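Here is the structure we will look at.
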Amino acid sequence: MKNNIVVLAFLTLLIFSGKTLSQGYDFDLADLDGNNVKLSELVKKGPVFVQFWATWCVPCKEEMKVLNELYNKYKDSGFVFVAISIDDQKSLSKVKPYIESKSYKFTVLFDTDKNVFSNMGGQDPPFSVFLDRNSNVFKTYSGYIQGDDIKLENDIKEALKIGKN
């Protein structure tokens with residue numbers, strides 16, 4: 001089982017290595033207030049960490065807590081965090097109340113048909129794609145376990161250095 005996860009992570013990395021927004025990974029999704037948000041616009045602000053999550057996914061919510069802390073710590077340096085809900089129509093109504101109950105201020109988008117999730121290589125949440133300032137896929141992450149926060153913070157620091165003038 002562990003070997004399968006390692007192989008899957010490696011294959012995902014190979015698939016995404018060197019891919020950019022211009023190669024089909026851009027998206028235009030609605031946020032909590034119904035406004036459309038394009039990934040290509042977000043990446044102009046700095047490196048963008050895109051997390052796919054769902055309200056029923058416990059590891060997603062654990063990772064989101066950590067990413068919220070990291071977002072608050074590094075947002076003034078240009079770090080952008082976007083959480084994309086892949087909840088279906090049955091659980092979609094739980095997304096906004098959950099985000100508001102946690103007082104999260106990062107961008108939350110909806111991918112109810114999971115097209116963006118699939119296009120970016122997602123299989124199961126949490127799944128994340130981290131784009132550097134040059135719109136290149138910097139890292140991908142599948143799953144979350146306690147202690148990943150140190151790795152995530154180091155990756156954020158590294159991404160903030162890439163392409164900085």
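Just a few scattered comments:
- Within the range 2-161, DSSP assigns beta bridges of which about 60% are antiparallel (rounded to the nearest 5).
- Taking other Cβ atoms within 10 Å as a rough exposure proxy, LYS139, LYS61 sort from fewest to most as LYS61, LYS139.
- Per-peptide average of other Cβ atoms within 10 Å, ordering 128-137, 152-161 highest first: 128-137, 152-161
- Both radii come from the Cα set of the range 2-161: Rg as radius of gyration, Rh as Kirkwood radius; their ratio Rg/Rh reads 0.92.
Read-outs throughout are calculated quantities, based only on the coordinates presented, and are distinct from any laboratory measurement. All of these numbers come straight from a predicted model, not from anything done at the bench. Cβ: placed from backbone, ideal geometry, glycine included. Neighbour counts: every protein chain shown.
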